[in-house]
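The values are calculated or read from the model by the stated rules, or taken from the named source; none is laboratory data. Since the structure is predicted, the reported quantities are computational estimates derived from the model, not experimental observations. Cβ placement follows ideal geometry from the backbone for every residue including glycine, while neighbour counts extend to all protein chains displayed.
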Amino acid sequence: MKADLAVVVDVLSFSTSVCVGVERGMRFFPYRWKGPGAEAFARDHDAVLAVGRFESTPPDSPTALSLSPAVLLAESTAVK
């Protein structure tokens, strides 16, 4: 059967983000994004709960951490 439609799932950005973070000493704790208990899970693991890319603030302001590779690159200098 020949398909007339292709679905592309954007996992490359997430994979890139994990690589950027891990290479800079960050750890990731997978949890359902915005799921019930996400804030408590982050708190219990002494972690920062990431926000959506569009919920993050501009680079020249205090930012909420997102899983954007660019944000993780900027934050990695502050983490060390």
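Looking at E39, E55, E75, which one is of a type in the set (D, E) and at pLDDT 80 or above?
Among E39, E55, E75, only E39 is of a type in the set (D, E) and at pLDDT 80 or above.
So which residues in the range 19-50 are among the aliphatic types (A, V, I, L, M) and within 16 Å of V71 (Cβ to Cβ), if there are any at all?
Passing the criteria: V20, V22, M26, A47, V48, L49, A50.
What residue, among those in the range 22-57 that are surrounded by 14 or more Cβ atoms within 10 Å (Cβ to Cβ) and farther than 22 Å from L73 by Cα, is farthest from the chain's Cα centre (by Cα)?
Filtering first and then ranking leaves F41.
Looking at (1) outside any helix (DSSP H, G or I); (2) of a type outside the set (V, I, T); (3) at pLDDT below 80, find the lone condition where F28 falls short.
The number of the failed condition is (3).
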